[in-house]
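A.B. asks: Here's a structure for you.
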């Protein structure tokens, strides 16, 4: 089957979200690596697709309306688009959809940004700023607690397995680097391990293995590209 979706990708939690969904949907796709440590996200051709110079982004060459290819940036928007197009992993009923979308937005507005800041101050910052480390490590801990309470009475965040789980799970993968211990959150740990065991999730993670890098191997030039951005 010919791939109809171009995925602009790098193996970050936001990149993993999309490969997980595409694998769960069993859709063919073509990976176009966007090496964010070398500045690929600033190339003119990519900016036409993703004006916020962030990956992931997709181009769907078989849009549901039958028109020209459609490009989408922002991982949450991509997930909603694909789930709605293929009528999977997003309930159609009003209440089910609302619950799924609120957890998706919770990840986009809370878990992702706060975990990202924890990663930055704990792993990437050139100097150790204890206030920043404590601030974001504690906030991620609070958010883990929110998930743990939600999962006390259900298997997945919105009841059934959905794009909300696929969006949140990659941000829990590096929990140790965020200063978190999953043993403190038994419901979250159970949820995490059940998703980790899914074949599609394993395939999705395999996609990024050849592109992975470690924080300690980051060059000064890469740091400037990733963390020194201003409006041009």
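Rule-based calculations on the coordinates, nothing more; no lab input. Computed from a prediction, not measured in an experiment: that's the story for all the values here. A quick note on method: Cβ atoms are made from the backbone with ideal geometry, for glycine too, and the neighbour counts reach across all protein chains shown.
A.B. asks: Restricting to segment 1-59, what percent of DSSP beta bridges are antiparallel, rounded to 5?
C.D. replies: Of those bridges, close to 40 percent are antiparallel.
A.B. asks: Next question. In nm, give the distance between the simple-model label positions of residue 202 and residue 183, each being 7 Å from the Cα along the Cα-to-Cβ direction.
C.D. replies: 2.6
A.B. asks: Taking a ≥ b ≥ c as the square roots of the eigenvalues of the Cα gyration tensor of segment 1-93, is the shape rounded (a/c under 1.5), prolate (a/b larger than b/c) or oblate?
C.D. replies: Taking the square roots of the gyration eigenvalues as a ≥ b ≥ c, segment 1-93 is prolate.
A.B. asks: Another one. Kirkwood Rh, segment 104-160, all Cα pairs: how many Å?
C.D. replies: Across segment 104-160, the inverse of the average 1/r is 12.3 Å.
A.B. asks: For the chain, what is the relative contact order in percent, using Cα pairs closer than 8 Å and at least 6 residues apart in sequence? Could the numbers behind the result be given before it?
C.D. replies: Working: 286 pairs, mean separation 54.4, N = 232.
Computed value for the chain: 23 percent relative contact order.
A.B. asks: Related question: Give me the tail of P(r) for segment 94-197 as a percent: Cα-Cα pairs with distance above 21 Å. Before the final figure, lay out each step's value.
C.D. replies: Details: 1748 of 5356 pairs.
Every Cα pair in segment 94-197 considered, those over 21 Å come to 33 percent.
A.B. asks: If you average 1/r over every pair of different alpha-carbon atoms in segment 128-172 and take one over that average, what Kirkwood value in Å do you get?
C.D. replies: 11.8
A.B. asks: Gaussian network model of the chain, Cα springs within a sub-10 Å range: biggest mean-square fluctuation belongs to which of 90, 25, 47?
C.D. replies: Result: 47 has the largest fluctuation of those listed.
A.B. asks: Residue 131 to residue 2: FRET efficiency via 1/(1 + (r/R0)^6), r the Cβ-Cβ distance, R0 45 Å, to the nearest 0.05?
C.D. replies: Approximately 0.30, to the nearest 0.05.
A.B. asks: Taking the convex hull of the Cα atoms, report for segment 24-66 its projected area averaged over all directions, in nm².
C.D. replies: The Cα convex hull of segment 24-66, projected and averaged over all directions, gives 4.1 nm².
A.B. asks: Using the per-residue mean of other Cβ atoms lying within 10 Å as a proxy for protection, in what order, highest first, do the peptides 142-148, 114-120, 9-15 fall?
C.D. replies: With the highest mean Cβ count within 10 Å placed first, the list reads 9-15, 114-120, 142-148.
A.B. asks: Kindly put 227, 192 in sequence by how many other C-beta atoms sit within 10 Å of each C-beta, fewest to most.
C.D. replies: Taking fewest neighbouring Cβ atoms as first place, the list is 227, 192.
A.B. asks: How do the peptides 53-61, 161-169 rank, highest first, by the average count of neighbouring beta carbon atoms within 10 Å per residue?
C.D. replies: 161-169, 53-61
A.B. asks: Can you give the FRET efficiency for residue 87 and residue 210, using 1/(1 + (r/R0)^6), R0 = 35 Å, r = Cβ-Cβ distance, to the nearest 0.05? Let's see the in-between values first.
C.D. replies: Values: r = 33 Å, r/R0 = 0.93.
For residue 87 and residue 210, the calculated efficiency is 0.60.
A.B. asks: Pull out the extension gain between residue 226 and residue 95, defined as 0.36 nm times the separation in residues minus the alpha carbon to alpha carbon distance; nm, one decimal.
C.D. replies: 43.2 nm
A.B. asks: Now for a different question. Could you please state, rounded to a whole Å, how far the C-alpha centre of segment 93-108 is from the C-alpha centre of segment 117-149?
C.D. replies: Measuring centre to centre over Cα atoms gives 25 Å.
A.B. asks: Calculate the tail of P(r) for the chain: the fraction of all Cα-Cα distances greater than 28 Å, expressed in %.
C.D. replies: Everything past 28 Å amounts to 31 percent.
A.B. asks: Work the Kirkwood hydrodynamic radius out for segment 37-134: mean of 1/r over every pair of different alpha-carbon atoms, inverted, in Å.
C.D. replies: Working: mean 1/r = 0.0621 Å⁻¹.
Kirkwood radius, segment 37-134: 16.1 Å.
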